[in-house]
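Notes follow the structure.
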Ligand code: GDP
């Protein structure tokens, strides 16, 4: 291979290996160069443009950036639409509120009102969304009451809701989940319409509800505020029409639009594996028009749309933006919150879904979505101002107030703090899901999360920081804002093995016959392949065996057979190093 002499093309997100290929030099050379430049990297890690530029400078080469709009990252591309192309679309509404305040009843009332109004069909089936239409105007309702769906969706980066209807029972008033719903809606920047429900109850006191909600900046219009309040009874179907009208009115003001002429894209609302129909998904079309027969990428899977139907069982040929539809024809079950997009060719859809699957595996492996303080800042630093979102939980009101106001007064140039919630109590699962959905961290002041909550936080990569002195909290957050905190997790090497022999197994790849020289090698550990002290590859094991049997772990002094997932170029003398991620106390 003769080293490149001409200009080098930099592609966004390219790996060190790809970059080495561009330079026509061995990856190990580039890795060494990077080390000299103070960067430790492996072949399959991505290299940023600045670093690539430095390496090119070292070799006396010019670096040019390729303006790629990577089609496999379609949910990240922003599409500029001209005003002429856009038409109004139905608003997408989620109903939230405290348990037993009437969310399900309201969804049912609206659904059956629609059926009796003469829309075709009779038996409705749950597909996760349905549409209400009146006088040529439609509203799409997300048919899963409660907050879990909403937060899960946002945690995965999807935003599907245009308007939140907050149901508050007039005889019960603002309750804990009412507050949570408000937090969620505000974090998602969704307009809120308040439905004061159960007006038929003897103890109904709508004025009290209005009074209580002023505390959350939801002030009724007749009290000089901007929030729409509708008094109703979901059970008796009274005032529900007013609510629907108000939704349409808010939608008109907000002016939700989309371009129906494009290839469709949007988000998965629900999915399942049907015994007879195969993978089934309910898609919310957010832009473009979805057509039967379209080649589609959904999350990390793909296919051609075989059938499309709504919740009334109507077969559809085209689905306009702002509408949800149940589809079949994809090869695997996607996840709720996954993005989808239609492509011209099935072949293209297939390649793109494969790229996405591979990337998703890689991200999962490298620890999922960046959520630690530093990573958040590394991300935010690309924008102009950094924003740190915080949820504060504490033991007494006084200390929370003090902490909140001191946090708000921290002044670091180019950085802002947004306190999503500050309340008395221990750290709960709900705090974690709000944090996960909003990319926030949680500060516990004199409170500690239970082991279960800690586990959920870990799984969702939500950072929880515990303190008992205010100044220490402020000091840490200030440091964090300046981007100086150490990571919460550290990789810990747990063992090393030496490759003493290699065998090729047809179709499977290379098996490395190893001897564990120190510690322990664990089946699901992160492994690095070292050659002369340089990291050649980083990945997972695809197999760990003692003689012919699969092993969970193999300890020092024992021999074993290993295969590295997606890597076969293992040589005698290589060292395989296993490590795991461990939380470190600061
Ligand atoms: P969700 O937990 O918010 O989904 O609440 P549900 O819709 O399941 O309602 C809880 C209970 O309140 C049920 O027994 C409903 O029949 C009742 N309910 C709902 N809306 C009304 C209403 O407007 N008036 C009265 N009296 N009861 C209602």
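For this structure, a couple of remarks:
- Counting only residues that are without any contact (Cβ under 8 Å) to a residue 12 or more places away in the chain and either more than 22 Å from the chain's Cα centre (by Cα) or within 16 Å of the ligand (Cβ to nearest atom) (or both), segment 69-98 holds 4 of them.
- Residues of segment 338-352 satisfying the condition of being surrounded by 20 or more Cβ atoms within 10 Å (Cβ to Cβ) and part of a loop (DSSP other than H, G, I, E, B): 338
- Residue count for segment 526-550 satisfying the condition of being at pLDDT 90 or above and part of a loop (DSSP other than H, G, I, E, B): 0.
- Residue match in segment 241-254 (condition: under 27 Å from the mean Cα position of the chain (by Cα) and more than 16 Å from the ligand (Cβ to nearest atom)): yes
- For residue 203, the conditions (1) over 19 Å from residue 247 (Cβ atoms); (2) modelled with pLDDT under 95; (3) more than 16 Å from the ligand (Cβ to nearest atom) are fulfilled apart from (3).
- Condition check for residue 194: within 25 Å of residue 389 (Cα to Cα), within 15 Å of the ligand (Cβ to nearest atom) and modelled with pLDDT of 85 or more: no
- Single unsatisfied condition, residue 226 versus (1) at positive phi; (2) free of Cβ contacts under 8 Å to residues at least 24 places away in the same chain: (1)
- Of the residues making up segment 402-417, just one is surrounded by 19 or more Cβ atoms within 10 Å (Cβ to Cβ) and more than 16 Å from residue 391 (Cβ to Cβ), namely 415.
- Scanning segment 167-189 for residues that are surrounded by 20 or more Cβ atoms within 10 Å (Cβ to Cβ), within 26 Å of the chain's Cα centre (by Cα) and either more than 14 Å from the ligand (Cβ to nearest atom) or assigned to a loop (DSSP other than H, G, I, E, B) (or both) yields 182, 183, 184, 185, 187.
- Restricting segment 220-234 to residues that are surrounded by fewer than 17 Cβ atoms within 10 Å (Cβ to Cβ) and part of a loop (DSSP other than H, G, I, E, B), the residue that is farthest from the ligand (Cβ to nearest atom): 224
- Where residue 437 falls short, out of the listed (1) in contact with a strand residue (DSSP E or B) (Cβ under 8 Å, 6 or more places away or on another chain); (2) outside any strand (DSSP E or B): (1)
The values are calculated or read from the model by the stated rules, or taken from the named source; none is laboratory data. Here the structure is a predicted model, which means the values were calculated and not measured. All Cβ positions, glycine included, derive from the backbone under ideal geometry; neighbour counts span all protein chains shown.
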